[in-house]
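The values are calculated or read from the model by the stated rules, or taken from the named source; none is laboratory data. Computed from a predicted structure; not experimentally measured. Ideal geometry is used to build each Cβ from the backbone, glycine not excepted, and the neighbour counts take in all protein chains shown.
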Amino acid sequence: MKRLFVFLLSFPLWVSAATAGAEEKFDQLYRALNLPELIAVMRVEGLEYAEEISETLLQGRVIDDWGGMVEVIYDQTRMEDELRAEMTARMQDADFDALLGYYVGGAGEAIAKAELDARQVLLSEEAEAEAHSLVDHMRQVEDPRLEMLERLEYLNHLIDRNVTSALNSSYEFYYGLIDSGAIPGGMSESDVLREVWAQEPEIRQEVDRWIWAYHAIAYEDLTDDDVLGYIAFSKTEEGKALFTVLFESFDTVFRRISRELGLTTGGFLVSEEI
C-alpha cells in the first residue's frame, strides 16, 4: 500500500510569513522534511503501480509508448514543482523559524529521517513482509510501543486521510477513463461514486495494515521520548496544521497523476478497439 505521511513548540507556529527570506526558509523546510527524496520513493511506487495497470487493464500487451508516457506523468521535477506550489499556497502564514528550529538539528530531524528510511525500505516486498511480521510479534508480546503508534495514527488521522486520498485517486482515474472514451456510454456521477465507494473496505484494510508496518519499522530505533515528543507535537494546532498542508498538497498532486493515468490507459484501450 502506497502513499503516506513532528516536539511541542511553546509559541505560535502559524504567524506572518511575510518576513525577509521566507522563500529561502521554505526551501530549507522542504529539504529538512526530505520531500525531494520522499517524492523519489513515491515515483518508484507509482511506476510499479503503472506496471500493474499494464498487466491488468492492458492485459500485458507490449505498448511501445507506455513507459515513456508514464515517465512523463511521474516526472520527478514536475511532481516537486506541483507539491511546492501547493504547499506554498497553504503556508502563507507560516512561521518558518519555528519549523526549522524543530526540523533542523532538533527532534524532528530524526523523525523525518526515520520516516524516509522506512519508505525506502518498504519498496522491497520482502522487507514489507518482515515489517508485517514485526507488527505481529509486537502484538503477541503486547509491546507498549503499540499504544504509542496507535495514538500517533489516531491524532494525525492517518488511516482516514490515506483512505480518502486513495479514494480520490480512484475517482480521478475513473474520470480519466471516461474522458478518454474507453467506457462506452460513459458513467454517471452516481455510478462513479458507487464504484469508488465499493473499494473503500478493501482500501481501508490495506491502508491500516501498511501504516502499522510502516510505523513499526520507522520508529523501531527511536527512543520512547522521541515518539512521545512526536505525539506531543501532533496534539498541537501547529502540528495539525502542518499535517493538513502535507496531506492536502500530496492529495492534489496524486489527483492529477491519477487523472492522467486514466486518460493514458483509456487512450490505449480505445486505440486497441480501433
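Could you please let me know if Gly262 is touching a Gly at 6+ places or on another chain (Cβ under 7 Å), modelled with pLDDT under 95, assigned to a helix (DSSP H, G or I) and not acidic (Asp, Glu)? Spelling it out, it is not the case that Gly262 is touching a Gly at 6+ places or on another chain (Cβ under 7 Å), modelled with pLDDT under 95, assigned to a helix (DSSP H, G or I) and not acidic (Asp, Glu).
Inside the range 155-173, residues that are at pLDDT below 95 and assigned to a helix (DSSP H, G or I) make up a count of 1. Criterion applied to Leu146, Leu242 was being assigned to a helix (DSSP H, G or I), out of contact with any Leu (no Cβ under 6 Å at 6 or more places or on another chain) and modelled with pLDDT of 95 or more, and the one residue passing it is Leu146. One residue is enough: does the range 13-24 have a residue meeting the conditions over 30 Å from Arg209 (Cβ atoms), part of a helix (DSSP H, G or I) and at pLDDT 95 or above? Looking for residues that are over 30 Å from Arg209 (Cβ atoms), part of a helix (DSSP H, G or I) and at pLDDT 95 or above, one finds none in the range 13-24, hence no.
On the basis of being crowded, with 17+ Cβ neighbours inside 10 Å, over 24 Å from Ala85 (Cα atoms), modelled with pLDDT under 95 and more than 14 Å from the chain's Cα centre (by Cα), does Val227 make the cut? Let's see the steps before the verdict.
Working: crowded, with 17+ Cβ neighbours inside 10 Å: yes; over 24 Å from Ala85 (Cα atoms): yes; modelled with pLDDT under 95: yes; more than 14 Å from the chain's Cα centre (by Cα): yes.
Yes; evaluated as a whole, the condition is true for this residue.
Taken over the range 146-169, residues that are among the hydroxyl-bearing types (Ser, Thr, Tyr) and under 14 Å from Ala213 (Cβ atoms) amount to 0.
Within the range 49-74, the set of residues being modelled with pLDDT of 90 or more, surrounded by fewer than 13 Cβ atoms within 10 Å (Cβ to Cβ) and among the charged types (D, E, K, R) comprises just one member, Glu52. Restricting attention to the range 92-111, the residues that are in contact with a helix residue (DSSP H, G or I) (Cβ under 8 Å, 6 or more places away or on another chain) and either more than 14 Å from Gly21 (Cβ to Cβ) or among the polar types (S, T, N, Q) (or both) total 9.
Answer yes if at least one residue in the range 37-44 is part of a helix (DSSP H, G or I) and at pLDDT below 95, and no otherwise.
There is no residue in the range 37-44 that is part of a helix (DSSP H, G or I) and at pLDDT below 95.
Note on the range 62-120: enclosed helices (runs of 4 or more DSSP H) holding 2 or more residues that are of a type in the set (S, T, N, Q) are 76-90. The set of residues in the range 198-220 that are aromatic (Phe, Trp, Tyr) and over 15 Å from Ser165 (Cα atoms) comprises Trp212, Tyr214, Tyr219. For the range 182-216, the set of residues classified as of a type outside the set (Gly, Ala, Ser) and over 30 Å from Glu115 (Cα atoms) consists of Ile183, Pro184, Met187, Glu189, Asp191, Val192, Leu193, Arg194, Glu195, listed by residue number. The single condition among (1) farther than 27 Å from Met87 by Cβ; (2) under 17 Å from the mean Cα position of the chain (by Cα) that Ile211 does not satisfy is (1).
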